[in-house]
Structure formats: structure tokens, C-alpha cells
Amino acid sequence: MKKSIKLISFVYVLVLVSAFTVRDGGYKIGDVVEDFSLKNIDGKTVSLSDYKNSKGVIVVFTCNTCPYAVMYEDRIMDLNTKYATKGFPVVAIMPNNPEAKQGDSYEAMKERAKEKGFKFPYLMDEGQKIYPKFGATKTPHVFILQKKDGLHVVEYIGAIDNNYQDASAVTIKYVEEAVDAMLTGKEVFEKETKAIGCSIKV
């Protein structure tokens, strides 16, 4: 019985550590992001350079299967609704290896996007080439890029807000505060937070 309790406790700790792991590579605040081209759920290719008239882009690494990502889907949709018309559209990227997570296959992505009514691109990181460049480690993991002299510069990295379990209990909306600051020409106060979610499956 004691062994079972110890095992359960150990597994619980592993889950918590995995959910709160800090990133240690990829783009940093102030870095210029290279252009990328990925396949969207409509079969067309979407590139960062397509957003010539935007003020920036909210890049969200997310997926179908992670419970954290699912809990944030509506909030990601709300971000796009609020900020796309202001020049900061959402671009969602699915970074998992679909062979490791069949629920994150291209067909499953299309089904999920249709079911939820996504109004933003939902791109497949085929071959898992893009997420390592960003240094994304979780789903969801947000990178806010601001357009400066025609280049996309990283201005925020991390979580969407401070309560993944309950949107109504959120007290700090990290992404909204960052984008609002950029839109008013102010410095982003909190530039980096810990992304909380499932580890990216390779």
C-alpha cells in the first residue's frame, strides 16, 4: 500500500515538473524571427511574410490532445477576435509528431478546427522544424512578435494568463497586457513567463 502511494506521488510530481518546465533554447526576447512556411488546415501554405500589413503576430504552439491546450482553445480564439483587427492576429502551430500522438494528425487538426470554428490559421509543423527554432517546449506556448522595420521581433514569450484551469479566475492576462502595451507604444512590462502545458511530443 505504501509503495503504491509513493508511486502515485512520484508520478504526480513528474506531471507537475513536466507542466512547469522552463525553456532553455530558441529565440530570446529581442530576436528577429526567420520567415517560415507551413501547411494550413485548408491545404494552403502560410508564411510569416504573408503578414505584411500587420503590426505583429501572436504565435501559439498548441495541439488537439493536450488537456491544457484544450482548456485554452476558447481563450486563443478570443485573442484572435480581439486583436486580429488591431493588427495582431493569432497564428496557431501544431508542433507534435502525429506518429507519437495520432489525435494530432493533419486530419484531426482539420476536424478540431471545424468543430471549434477557428478563424485563424492552424498550421502543421511537419517534420518538427519550426518549434525548436522558437524554443517552444509546451502546448500551449506563446510567442508575440512585433513588426519593427519590416522584421518580426520577439517581444513576449510564455503563458497566455495565470490560471489555466479557470478563465473566470484569471487575474493576470499576460498576452493581452503585452499586446496592449505594444499597441500604445509602451514597453512590455512582463516579457517572459513560464509556459504551462504538455511537453511537445517528438
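Side notes on the structure shown:
- Pairs, first over 13 Å from Asp125 (Cβ atoms) in segment 95-108, second among the polar types (S, T, N, Q) and in a loop (DSSP other than H, G, I, E, B), C-beta under 8 Å, six or more apart: Gly103/Asn64; Gly103/Thr65; Ala108/Asn64
- Filtered residues of segment 80-100 (kept if in a helix (DSSP H, G or I) and over 11 Å from Lys119 (Cα atoms)): Lys82, Tyr83, Thr85, Lys86
- Ala69 being within 18 Å of Lys147 (Cβ to Cβ), out of contact with any His (no Cβ under 9 Å at 6 or more places or on another chain), among the hydrophobic types (A, V, I, L, M, F, W, C) and at pLDDT 95 or above: no
- Restricting attention to segment 117-158, the residues that are of a type outside the set (Asp, Glu) and within 21 Å of Lys86 (Cα to Cα) add up to 20.
The values are calculated or read from the model by the stated rules, or taken from the named source; none is laboratory data. Only a predicted model underlies this, so the values are computations on that prediction, with no experimental measurement involved. Ideal geometry is used to build each Cβ from the backbone, glycine not excepted, and the neighbour counts take in all protein chains shown.
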